[in-house]
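The next block holds one structure in the form of structure tokens; read it before the comments.
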Amino acid sequence: MAEPNENTGAPAGDEELSEEERAAAAAWENMAAEEEEPEAPGAAPRSTRVLDQNEIDSLLGIGGGGGAAAAESGIQAIVNSSMVSYERLPMLEVVFDRLVRMMSTSLRNFTSDNVEVSLDSISSIRFGDYLNSIPLPAMMGVFKAEEWDNYGLLTVDSSLTYSIVDVLLGGRRGTAAMRIEGRPYTTIERNLVERMITLVLADLSTTFEPLSKVNFRFDRLETNPRFATIARGANAAILARLRVDMEDRGGRLELILPYATLEPVRELLLQMFMGEKFGRDSIWEGHLTTELWQTEINVDAVLDEFTMQLGDVMNWKVGTRVELNTQPRSLIHMRCGDIPMFRGHMGRKGNLIAVRIEDRNR
């Protein structure tokens, strides 16, 4: 058995070890010394406990229950904090429903084909996340809301692009549009898609008109998401996904409006129905007009007015005569309560005293 060396405390046969073996032995000795080293007074005890599976799931926020409470804890809560909660704008949903109906008619006239437009979803997303999620290749039309002084984005995916080009250039029915990968869009394709985007923006302006007059003007067409940046990446935006079907062809069209763009009409979009806070409701106006015509009110014909002391009025007796400064041809004032209405002349119609209205009392 080898005896320890007096200088190093290593075994006597240590001279025969290589440099790598010596380094490994020194590392093991250091680890053993740390385990045997007593804790300093007042220091927190070191924990060597290993987490079980339930504690790991709780830390990650993916508990076995799978409920809402699990999704709101741990690392999952940190991940979800980057998402945007969708502020429900009821009137905006009505606007998009009208847009779907109008686009169906407009695209049918534009393509001379049977076109069906449907609204897949309305959600809220951060603008930067949306740009990163755009499937390329795609065309992005940047437009400006002139009255609101801000911008929006309209994305046309490649399937819809090739379908529109195929339909407008006389493609044969019953065959899907051919998609060629790895090449940029041609000038003809860009011009045809620009015409379609201009048509969609005209319909969008019409759908917003009952709420607020706005003109969505086409600004430019981009194919690189970096050049289609109209807002900061952290800004929230409304994303509406539309599906355009043309028999065996079609694609997706996505409309994104930053909340900053909708801020001038946010109060109008929060109302539950048209005319709740702004604008005219023809149904309510007609009902109110009908009820007013059927309402009975009392109208007083005032012959004359003069001022007397209360003591003189209290001395009135049966037979007291009050002289009025009114002649037979004097104008009579007609009032409803304290509001002057008309002026006219006193007369008789049959056995009744009547007033013939001459003009409106202003």
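The values are calculated or read from the model by the stated rules, or taken from the named source; none is laboratory data. All of these numbers come straight from a predicted model, not from anything done at the bench. Reconstructed Cβ throughout: ideal geometry from the backbone, glycine too, with neighbour counts over all protein chains shown.
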Near pairs, Cβ below 7 angstrom, 6+ apart or cross-chain, from the range 49-64 (modelled with pLDDT of 70 or more) to any residue that is exposed (fewer than 14 other Cβ atoms within 10 Å of the Cβ): Asp57/Gly64
Condition check for Asn315: in contact (Cβ under 8 Å) with a residue 12 or more places away in the chain and of a type in the set (S, T, N, Q): no
Residue ID - farthest from Asp300 (Cα to Cα), chosen from residues in the range 314-362 that are part of a loop (DSSP other than H, G, I, E, B) and of a type in the set (D, E, K, R): Lys317
Neighbours by Cβ (under 7 Å, 6+ apart or cross-chain): first from the range 118-137, without any contact (Cβ under 8 Å) to a residue 60 or more places away in the chain; second of a type in the set (D, E, K, R): Pro135/Asp157
Of residues in the range 292-335 being closer than 27 Å to Gly347 by Cα and among the acidic types (Asp, Glu), the one nearest to the chain's Cα centre (by Cα): Glu296
Candidates Gly251, Gly347, Gly337, filtered to the one that is within 30 Å of Asp97 (Cβ to Cβ) and not polar (S, T, N, Q): Gly251
